Amino acid sequence: MKRFSPLLLLIILSIGCKNNSNSTEDLSINQTLEDAPSFFESNQQVPSAQNIPLIEDQKDYTIIPIVKDLTNPWGMTWLPNSDLIYTEKEGKLYRFDGNRSHEISGVPAVYLRGQGGLLDVTVHPDFKKNNRIYISYASSEGEGSGGNTAIASAILKNDELIDLKVLYKATPNTKKGQHFGSRFAWDPEGYLYFSVGERGERDINPQDLKRDGGKIYRIHDDGRIPTDNPFVNVPGAKTAAFTYGNRNPQGMTAHPKTGQIIAHEHGPQGGDEINFIKPGRNYGWPVISYGENYGGGEFAESTAKEGMEQPFYYWVPSIAPSGFAILDNAAYADWNGNYLVGSLKFQYLEMLYVDDQGVTKREKLVDGLGRLRNVKIGPDGMIYISVEGKGIFRIVR
């Protein structure tokens, strides 16, 4: 993808600004971006989301319990030996060996409030060599009261996390209990992506590159900032940021065929979105949205604006999406290639049939089982789901 040179970025920022200051460093990046052209040409194609057929649960599959009696299994991943690693939001990390769960010690203290706690977990792509594992969690470390999203890595040894290192800690801390984000994804080049929601600061964080929150980030596996991240040469910017204008992404994955990072995020009352994550793009929150205020009433300028991305798909009403996976297993027959998204609100797994033009139909799975917190594809190619108050299940067809 064509990128602007550092010099051109600075020229754009300087010319577009209406402030009389002689230095771009004195300006709020939020103010500058409002007046300047977008860094990248944005996708303005409005997705077709109306009148998409929604197929009721056909129940042509089998649900197999894997780990029972869990409270809030937020994140899950697998070791190379196929042991399942999962989190419980209240601050516990476990390894399931196929017969029983073993608690993993060394987990840092978490800020347990609202949607915050111990959240996602992933292992390094080269885990066999380095035994490195990554967790996202709400942390109270740093200045101020409350907490914010932190990303840490550690060595997993004998069911203990050792050599734990915080790779990124969002600021500032706040006592607000919503929108921590926290999903992980790895791209084919070995970069780690993670999300941080806008932490309930709708009108402050998402559109300001100087502030954490409302963004998707990209880092090296050791926490270093990639030199080709889109905002590394923007004065004062959070250089780990890869995109901005995101609300609260709680689902993210790499496409199994292309490696493209794809995420979905919560809208307010309607306007949940699926987005293809591209460097430097502005995904519009809260300037544009297909949702409305809780209780009714519009808040966004419109549903489209030059310089802001249109989603690949959006939901009205909101399904409250969490967890995201893409099938790549011929054993699932005509399901293969479909997108899978958990619904917290409606308590089912939504399967979306897609083609190059977008979503063609939708189908409910495991309808009524409970609040779907996560969905992943296991090392066996099978669908795994985690359900609040229930546990972790495998779906076989």
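The values are calculated or read from the model by the stated rules, or taken from the named source; none is laboratory data. Not measured: the values here are computed from a predicted model. Cβ placement follows ideal geometry from the backbone for every residue including glycine, while neighbour counts extend to all protein chains displayed. Accessible surface is based on the protein model in full, side chains and every heavy atom, while ligands, DNA and RNA are left aside. Shrake-Rupley method; radii C 1.70, N 1.55, O 1.52, S 1.80 Å.
The set of residues in the stretch 148-172 being outside any strand (DSSP E or B) and in contact (Cβ under 8 Å) with a residue 60 or more places away in the chain consists of ASP159 alone.
If the condition is being outside any strand (DSSP E or B) and surrounded by fewer than 17 Cβ atoms within 10 Å (Cβ to Cβ), then the stretch 349-369 contributes ASP356, GLN357, ASP367, GLY368, LEU369. Applying the selection to the stretch 287-327, what residues are in contact with a Lys or Arg (Cβ under 7 Å, 6 or more places away or on another chain), more than 20 Å from LYS345 (Cβ to Cβ) and part of a loop (DSSP other than H, G, I, E, B)? Answer for the stretch 287-327, where residues must be in contact with a Lys or Arg (Cβ under 7 Å, 6 or more places away or on another chain), more than 20 Å from LYS345 (Cβ to Cβ) and part of a loop (DSSP other than H, G, I, E, B): VAL287, GLU309. Within the stretch 206-231, the residues that satisfy the criterion of being open to solvent by less than 10 Å² (accessible area, probe 1.4 Å), under 27 Å from GLY114 (Cα atoms) and either without any contact (Cβ under 8 Å) to a residue 12 or more places away in the chain or part of a loop (DSSP other than H, G, I, E, B) (or both) are PRO206, LEU209, ASP212, GLY213, GLY214. Inspection of the stretch 191-203 finds a residue satisfying the criterion of being aromatic (Phe, Trp, Tyr), open to solvent by 10 Å² or more (accessible area, probe 1.4 Å) and either touching a helix residue (DSSP H, G or I) at 6+ places or on another chain (Cβ under 8 Å) or in a loop (DSSP other than H, G, I, E, B) (or both). Look at ALA325 and say whether it is hydrophobic (A, V, I, L, M, F, W, C) and on the phi > 0 side of the Ramachandran plot. Answer is no for this residue. Does ALA320 count as open to solvent by 10 Å² or more (accessible area, probe 1.4 Å) and of a type in the set (Gly, Ala, Ser)? Yes, satisfied. Counting only residues that are open to solvent by 30 Å² or more (accessible area, probe 1.4 Å) and in a strand (DSSP E or B), which one in the stretch 371-392 is farthest from SER343 (Cα to Cα)? The qualifying residue farthest from SER343 (Cα to Cα) is ILE377. Can you find a residue that is modelled with pLDDT under 90, more than 18 Å from PHE346 (Cβ to Cβ), among the aliphatic types (A, V, I, L, M) and touching a Ser or Thr at 6+ places or on another chain (Cβ under 7 Å) anywhere in the stretch 33-55? There is no residue in the stretch 33-55 that is modelled with pLDDT under 90, more than 18 Å from PHE346 (Cβ to Cβ), among the aliphatic types (A, V, I, L, M) and touching a Ser or Thr at 6+ places or on another chain (Cβ under 7 Å). Residues of the stretch 246-264 that are surrounded by fewer than 24 Cβ atoms within 10 Å (Cβ to Cβ) and basic (Lys, Arg): LYS257 alone.
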